[in-house]
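First up is the structure itself, then whatever we jot down about it.
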């Protein structure tokens, strides 16, 4: 009976039509090499964006991070930076050997490149068979500016390409450009929740993680929408899975000072290579939080 339910769940995930290719092999910034970066390019464009200085910072310190929850669940934000530095050797080793799949686009590339500098290399995996001899893995989810399609693309990678059968932990992130067309975000929360529920039913052994959307240094209105979806993820999944609060990491300086614009959190200009991508310390801090969150999902304290 359980096998029948799982099969019905897979059919529901894929639908009746033939799935498209699971993800574009090109990033928003042009031809994409596996694990390649796209720093300095505006998402959705091949033209280098000009770094903005519209992000403002307040002098009010951010509230202290919430105490860590139980391993395997909870929200991981800026406190994950120091927690990564304090990872025990056994937890770091498990992080490198567990089969983890991360679906993303260009801001994800910024994190992956920074993770490589920390000694954690993501390998390109477009099919479940690719996971057999690797730990950390990544692939793009298509298409930028179409968040509903990205939700479906992630599901197709897990089902059609059988990544769900091989991975220990899987998740994906939406991009900041995915929230710039209100006509394409209708029903996004419901679509996301439905797909995750179906995938959880189909692959009961698979752990999931979730990532709040990245912010930009400009346009407070769009940031408000990104933050709202992030709040949905934290409210919906923090009691069951790990939620990586990338938006909080991007919008808080090392001393705890929040970066704001128009009354909403925004990407700190000190971390930005343009209006939305990460560079230097911003990318490194994001990578540390990402990696620590993976370790927490696998059982690290």
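Read-outs: derived from the displayed coordinates by stated rules, not from any lab. Model, not experiment: these values are computed from the prediction. Heads up, the Cβs are rebuilt from the backbone with ideal geometry, glycines too, and the neighbour counts pull from every protein chain shown.
Translational D (Stokes-Einstein, µm²/s) of the range 84-130 at 20 °C and 1.002 mPa s when Rh comes from the Kirkwood sum over C-alpha pairs?
Calculated translational D: 178 µm²/s.
Using alpha-carbon positions, what is the distance between the centroids of the range 127-192 and the range 210-275, in Å?
Using only Cα atoms to place each centre, the spacing works out to 20 Å.
What order, most packed first, do the peptides 237-244, 179-186 have when packing is the mean number of other Cβ atoms within 10 Å of each residue?
237-244, 179-186
If each residue's Cβ is checked for other Cβ atoms within 10 Å, how do 85, 143, 231, 178 rank with the fewest at the top?
Ranked by crowding around the Cβ, least crowded first: 85, 231, 143, 178.
Sort 218-225, 148-155, 251-258 by the packing proxy (mean of other Cβ within 10 Å over each peptide's residues), most packed first.
By packing density, highest mean first, the sequence is 148-155, 218-225, 251-258.
What distance in nm separates the simple spin-label points at residue 165 and residue 133, each placed 7 Å from Cα in the Cβ direction?
Label-label distance for residue 165 and residue 133, simple model: 2.0 nm.
Report the semi-axes of the equivalent ellipsoid for the range 134-280 in whole Å, largest first, where each axis is √(5λ) for an eigenvalue λ of the Cα gyration tensor.
27, 17, 14
What's the center-to-center distance, using Cα atoms, between the range 276-301 and the range 96-122 in Å?
9 Å
What distance in nm separates the simple spin-label points at residue 232 and residue 257, each placed 7 Å from Cα in the Cβ direction?
3.4 nm
As an exercise, take the mean of 1/r over every pair of distinct alpha carbons in the range 195-301, invert it, and state the Kirkwood radius in angstroms.
Final number for the Kirkwood radius of the range 195-301 is 14.7 Å.
On the principal axes of its Cα set, how long, how wide and how thick is the range 86-163? Give whole Å, largest value first.
The principal-axis extents, from largest down, are 39, 25, 17 Å.
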